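The values are calculated or read from the model by the stated rules, or taken from the named source; none is laboratory data. Since the structure is predicted, the reported quantities are computational estimates derived from the model, not experimental observations. Positions of Cβ are generated from backbone atoms using ideal geometry, with glycine treated the same way; all protein chains shown enter the neighbour counts. Each accessible area value is taken on the protein alone, full model and side chains, heavy atoms only, with ligands, DNA and RNA left out. Shrake-Rupley method; radii C 1.70, N 1.55, O 1.52, S 1.80 Å.
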Amino acid sequence: MRRAVDPTTVLPPLVDRPRIRAHDFTIVGGPPGRSTSPAPEPLDLGWRFLALGLVLAWGSGFVLPGSFTWFLAAIPHEMGHATVGCLLGHPSAPAISLRGEAWTGIAEQRPFLVWAIALIAAACAYGMRHRTGVALGLGALALLVPAIAFNEVGEAAILVAGHGGELAFATYCFYLAVTGGRTGTPQERTASAMAGALLQFVNLKLCVGLIVSAEAREWYATNGSVGLVNDYLRLANDVFGCSLQAVAGAMLLVGILPLPLGVVL
C-alpha cells in the first residue's frame, strides 16, 4: 500500500544538476587505426583548371586551324542575334556555312509578337513569384521588351547581341570550369576554360586592333560575310553616329568581364 504524504511535510529541495551536452566532451581515444577527427574537405581545384584552360587556349593558336575558333565563335554570335531579334518581335534564324561565312536572317518586326512576348514574360513572372530572383528577371523582361522594341535601342541591341552572345557564352564556360560543370571531370572543366578563353581572347583582340590599327579597320570594313556590313560598323555609322574606335573601345570594356563574372557567379 502506498503511504499518504502529509501535505504539511516539508520536502527537501531538488538538486539542480547541470545538463550534459554533447559538445562538453572531447573524444581523446578510439579504436586502433580509426581517426576521430573530421575528414578534411577536398581542395577546390577550379583555379587550376582555369589556368590550364588559359594555357591551352594560348597554345592552340600554334596547333589548331583558325577555322576552329571561328566556328566556336560563330555559333553563339549568330544565336545572340537571332535570340534578341525574336524577343523584339523580329522572326530570326541563324545560318552558318562551312565555307566560313555566317549570318542571321532577321525579318520585319511584327508588333503583335512584341506584346505577346511581354505578356508571356509577365505571366511567367507571376507564376514564378515564389522565386524572387527569377520573377524579377522575367518582370524586367516584360517591361524592357516593349520599351526598346520600337526604337533605335532595339536595333542596337540586336547588333550588340552578336558579340554579346560570344561573351555571354564565354562567361558560362568559365562558370562551368569553376563549378565543375555537368560531370565535374577534369576534361570538361579544362575544355570549358579553354573555350571561354578563346572566345574572350578573339573579342579582345578584335577590339584592340580596331582601336589602334588602321589596317585592322580596313580589313574589318571589307570582310563581312556574304557581303554584309559588320556589326560594329553598323553600330558606329547607322545607330550611334560615332567612330568605329569608340564602339570598339566600349566593347573592349565589356570584353574584360567574362572571366571575373564567371568566377563570381
Checklist entry - Among the residues of region 42-53, is there at least one that is modelled with pLDDT under 50, assigned to a loop (DSSP other than H, G, I, E, B) and open to solvent by 50 Å² or more (accessible area, probe 1.4 Å)? => result yes
Next on the checklist: Any residue that is open to solvent by 20 Å² or more (accessible area, probe 1.4 Å), under 17 Å from residue 73 (Cα atoms), part of a loop (DSSP other than H, G, I, E, B) and of a type outside the set (S, T, N, Q) - is there at least one of those in region 99-108?
Outcome noted: yes
Checklist outcome for this item: By residue number, the members of region 55-73 that are crowded, with 20+ Cβ neighbours inside 10 Å and more than 17 Å from the chain's Cα centre (by Cα) are 57
Next on the checklist: On the basis of being within 24 Å of the chain's Cα centre (by Cα) and either farther than 18 Å from residue 151 by Cα or of a type in the set (Phe, Trp, Tyr) (or both), does residue 98 make the cut?
Outcome noted: no
Next on the checklist: Looking at region 91-107, can you tell me whether even one residue there is more than 28 Å from residue 227 (Cβ to Cβ) and of a type in the set (Phe, Trp, Tyr)?
Outcome noted: no
Checklist entry - Taking the condition of a type in the set (Asp, Glu), buried (at least 19 other Cβ atoms within 10 Å of the Cβ) and either touching a strand residue (DSSP E or B) at 6+ places or on another chain (Cβ under 8 Å) or not in a helix (DSSP H, G or I) (or both), does residue 78 pass? => result yes
Item to check | Candidate set from region 225-236 (those that are farther than 16 Å from residue 154 by Cα and free of Cβ contacts under 8 Å to residues at least 40 places away in the same chain); member that is farthest from the chain's Cα centre (by Cα) | outcome: 227
